[in-house]
Structures are given as structure tokens and as C-alpha cells.
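Reviewing the structure listed below.
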Amino acid sequence: QVQLVESGGGLVQAGGSLRLSCAASGRTSIMGWFRQAPGKEREFVAAMSGSAGITRYADSVKGRFILSRDSAKNTVYLQMNSLKPEDTAVYFCAAHLSYVAFTDQRAYNYWGQGTQVTVSS
């Protein structure tokens, strides 16, 4: 059983930046982030494969968020820039062992506990 440990959430003003980290306790293939705002369903943010280095982003974060991965440490980093109040949500790290299915949360076997990101206007 792979465990995911997230860190890096917090409170930031609009236009600011935050970096989230997620460390996996074992081998994974695709790792990524989802988020859930109050009263809304959980949605895909970004994900990356380990071997091919393929990255996918939600349209809402393209050009502002950057996902990177340190495969030796089984860790992914989500650099969030130009943050907006609508980015406020609980961010969940997720991972699975398949080589496909980046955006479908049903494919993800492992989930972190979530970290709160709050962007004030």
C-alpha cells in the first residue's frame, strides 16, 4: 500500500505563489493533483507520468501551475503561480500504477489526506 504525504498548503494573496509537495512511500506511475472547492466536486488539476515525462494540466491552471517530479524521491511538486481566489480548495495528491488515465480520478488508487490552499482577494 502506497502512502502519499502532502505539504505546502496555506494562505496567500491573489497573485501570489505556493508550492505543494507530495511524497510517495512506494513505486507509482502517474502522480498528480486534484482539488475540491467548497460545495463543488473534486476536479483534476495536473498529473505527470514517471517514465515518459508526459504532463497534463486542466485548462484553468495552464500557464500558471507547473508540475515537476523527482522520480528518485518519488515526489511531485506543484508550483502554483498567479493564484486566484477561485483556486481556493483542498488539494489532494493522487497516484496509480497504470501508464494511462491522467485526468480520470477513478483510475487513481492512492490518495493523500489533502492540504488546504486559500487565496484571498
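The values are calculated or read from the model by the stated rules, or taken from the named source; none is laboratory data. In this text the structure is predicted, and so the values were computed from the model without any measurement. Please note: Cβ atoms are built from the backbone with ideal geometry, for glycine as well, and neighbour counts cover all protein chains shown. Areas reflect the complete protein model, heavy atoms only, side chains present, ligands, DNA and RNA absent. Shrake-Rupley method; radii C 1.70, N 1.55, O 1.52, S 1.80 Å.
Just one of the listed residues (A24, A95, A72, A107) is farther than 22 Å from T118 by Cβ, open to solvent by 70 Å² or more (accessible area, probe 1.4 Å) and not aromatic (F, W, Y), namely A72.
Of all the criteria given as (1) part of a strand (DSSP E or B); (2) within 23 Å of S120 (Cβ to Cβ); (3) over 10 Å from the mean Cα position of the chain (by Cα), the one not satisfied by R69 is (2). A single entry from S51, S82 fulfils the requirement of being of a type outside the set (K, R) and modelled with pLDDT under 95: S51.
Of all the residues in the stretch 35-45, those that are farther than 17 Å from Y57 by Cβ, open to solvent by 70 Å² or more (accessible area, probe 1.4 Å) and in contact with a strand residue (DSSP E or B) (Cβ under 7 Å, 6 or more places away or on another chain) number 1. From the list G16, G32, G50, the one residue that fits, being assigned to a loop (DSSP other than H, G, I, E, B), in contact with a strand residue (DSSP E or B) (Cβ under 8 Å, 6 or more places away or on another chain) and either surrounded by 17 or more Cβ atoms within 10 Å (Cβ to Cβ) or of a type in the set (V, I, T) (or both), is G50.
Just checking, which of F34, F44, F65 is under 14 Å from V119 (Cβ atoms) and modelled with pLDDT of 95 or more? F65 is the lone residue from the list that is under 14 Å from V119 (Cβ atoms) and modelled with pLDDT of 95 or more.
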